[in-house]
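The values are calculated or read from the model by the stated rules, or taken from the named source; none is laboratory data. Here the structure is a predicted model, which is why all the values come from computation and not from measurement. So basically every Cβ, Gly included, is an ideal-geometry build from the backbone, and we count neighbours across all protein chains shown. We work out accessible area using only protein heavy atoms, side chains counted, and drop any ligands, DNA or RNA first. Shrake-Rupley method; radii C 1.70, N 1.55, O 1.52, S 1.80 Å.
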Amino acid sequence: MSEQKQHELSNVSLKERARRIRINGLRILETPGKGYIGQTLAMADWLAVVYFYALNYKVNDLEWDGRDRFFLSPGHLGCAQYGALIEAGVLPEDEIGTYGLDDSRFPISAQPAYTPGIEISGGSLGHGLGIAVGSAISMRRQKKDSFVYCVVSDGEMNEGSTWEAAMIAGTQKLSNIIGILDNNNMQNDGPSREVSDPEPMFEKWEAFGWSVQRIDGNDLDALCEAFDNARNSTVDKPRMIICDTQMGKGVSFIEHREKQTHMTAWTPDDFAKAYEELGYRSE
Amino acid sequence: MRPARQQSVYQKRIPGPGLSTMSLEEFESEGLPTRPAPLGRALCEIARQRENVVAVTADLYNVTDLNQFVEEFPDRFHQMGISEQAMACAAAGMAREGDTVFATTYAAFASRRAYDFIYQAVVEEQLDVKIIGAVPGLTTGYGPTHMAAEDIAAFRAIPDFTIVDPCDALDTEQATRAIAEYKGPVYMRIPRFHAPVILDDYGYEFELGKAKMIREGNDVLFISTGLMTTRALLAAQALEKENIDCAVLHVPTIKPLDTETIVEACRKSGRMVVTAENHTVIGGLGDAVASALMENQVMPNGFRKIGIPDLFVDAGTLQTLHNRYGLSVEAICTQIKAWL
């Protein structure tokens, strides 16, 4: 068994991984008491599948050249990725309370200079997919057979540079890119459909030369199947998995809250209620 | 009706010579000998030695001197289309995989359109990407749309970004080799096509980060970069006939600035210091030199900046525009005589 796949030996279910990632994410966001709470909860399921099913990496050798690359283009959602990296054993749990503070390894927007396991600086939107294109081109020329996973958000589809990169990837048939489009239909100023409508997403990516799947991004079985399809496909095209996710997923009192802004502020009671629902009690 | 554009003081004094059919090459070389495609030829030499040297472009390979590279190394050339933002990111991604990436476009598009992408994807992460800006400063008659009058000012503000503005074919060839050796992000503006050759006669050698005194003189010290070093040398030759003795200190690396050499040259008493750059007088070499002198308590015998004035320049023929805005050899000589 190769070292990088050791995490697959665990008996912990993906459902449990996702639950812990949600808890980690909330604990991280509890430090400022506000932040990308709805998004973090929405992303937890596909993050669990990425880190505990799909991604090929070594916990103890993050620079391993044979790893799959994982780029988070919306870097401000680093809080969610930190939660997953903690669950994966890459980052230590005891630094959770430092999020956003001076000298923390968990800055609000994820940057590789600060955090092991973070590969790019995203955050200024529209960068990630272009970087993935370059990495994919060089990896192909250098005959590396890893994948570049790149997360883009539905809001990021507003950025022209995302489509520049999509067009290049399609033209160059970069079949070693697996895009993950986190579609929670929410951006800073409101629902994405109302701010600058990214739909129809499936048809757009397909028209740009991508092989596209669209799934419920909170359905673990669907996610595993989609990543299997993306990895095993022989189609000579970059692959996109559009994950329709639910803001606040897993915490009932915000799952269906009508208005969920980017910077949701929670009271200590809100956190306590959410922990109770997720079966976590702080000491 | 839109208001009339602001006009430079200089514009009123020197009328343009009228329509000119002079090509860019003829214009840039001022009748000097030329060598073709200095960047492209040097890059091919480097690529023959190093397999990890690659090039990308945003639909401008043939006008950024990459023709030979594309032909010789088709598998190491990647076309990104008219997408400067994605090109900067892709270059970053390639450098992440160990490649040394030369990314070419026009200087205006690199600096104004792709700024955030160069800033964050490339420079913040100190990746081995060389952004190559063709048609820098006032080397196109298209007007402000295609002109990069402010690229140096913009990029100077980015921390840890090396900025190089070579003067002629020799300088460009040597600078290309030097920046390929240097591991980190660099912005280089280039002369292209049949580039002028002037420094061969001066025993000059490019060193990254170093200013070089290429002509001594007691009355005026030109501190110049890029195309304007060619002009400063030609102006110095012309002024010599009128008993005005000009030194030329060539500063091909704008950042990091060789403050030591510049300050030392300016300490020499009695010389008027004149900076000359193919760039707006805001935030470029002139401002960098002025700042270095003030910080080192050096007060030369006069200080003047020659460069593109702080206005949206006219479209037109280059010969006219360089006269109009004070960048031509003739205009430099006129200004120097007025200032002395």
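Some points to look at:
- Within segment B:63-107, the set of residues being open to solvent by 20 Å² or more (accessible area, probe 1.4 Å), closer than 18 Å to B:Ala148 by Cα and within 8 Å of chain A (Cβ to nearest Cβ) comprises just one member, B:Gln85.
Yes/no per residue for (1) within 24 Å of the chain's Cα centre (by Cα); (2) at pLDDT below 95:
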residue	(1), (2)
B:Pro33	yes, yes
B:Leu43	yes, no
B:Glu51	no, no
B:Glu71	no, no
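- Residues of segment B:177-192 satisfying the condition of being farther than 16 Å from B:Gly40 by Cβ and basic (Lys, Arg): B:Lys183
- Flag for A:Leu181 being in contact with a Cys (Cβ under 7 Å, 6 or more places away or on another chain), hydrophobic (A, V, I, L, M, F, W, C), buried (at least 19 other Cβ atoms within 10 Å of the Cβ) and touching a residue at least 60 places away in the same chain (Cβ under 8 Å): yes
- Scanning segment A:165-206 for residues that are modelled with pLDDT of 95 or more, more than 23 Å from B:Phe117 (Cα to Cα) and assigned to a strand (DSSP E or B) gives a single hit, A:Asn183.
- Test: A:Leu129 is within 16 Å of A:Cys243 (Cβ to Cβ), within 14 Å of chain B (Cβ to nearest Cβ) and not in a strand (DSSP E or B): yes
- Residue selected from segment A:1-53 under the condition of a type in the set (Asp, Glu) and modelled with pLDDT under 95, by the criterion nearest to the chain's Cα centre (by Cα): A:Glu8
- Restricting attention to segment B:108-119, the residues being surrounded by fewer than 24 Cβ atoms within 10 Å (Cβ to Cβ) and within 20 Å of A:Ser121 (Cα to Cα) number 4.
- Breaking point among (1) buried (at least 24 other Cβ atoms within 10 Å of the Cβ); (2) modelled with pLDDT of 95 or more, for B:Pro191: (2)
- Segment A:137-148, residues that are within 7 Å of another protein chain (Cβ to nearest Cβ) and either in a helix (DSSP H, G or I) or at pLDDT below 95 (or both): A:Ile137, A:Ser138, A:Met139, A:Arg141
- Single match in A:Ile108, A:Ile120, A:Ile86 (criterion: more than 14 Å from chain B (Cβ to nearest Cβ) and surrounded by 21 or more Cβ atoms within 10 Å (Cβ to Cβ)): A:Ile86
- Unique residue being of a type in the set (Lys, Arg), more than 11 Å from every other protein chain (Cβ to nearest Cβ) and over 19 Å from B:Val129 (Cα atoms) when the list is B:Arg50, B:Arg35: B:Arg35
- Subset of segment A:149-160 that is in contact with a Leu (Cβ under 8 Å, 6 or more places away or on another chain) and within 10 Å of another protein chain (Cβ to nearest Cβ) - its residue that is surrounded by the fewest Cβ atoms within 10 Å (Cβ to Cβ): A:Glu159
- Residues of segment B:236-271 satisfying the condition of being part of a loop (DSSP other than H, G, I, E, B) and basic (Lys, Arg): B:Lys241, B:Lys268, B:Arg271
- Test: A:Asn183 is away from chain B (no Cβ under 14 Å) and not basic (Lys, Arg): yes
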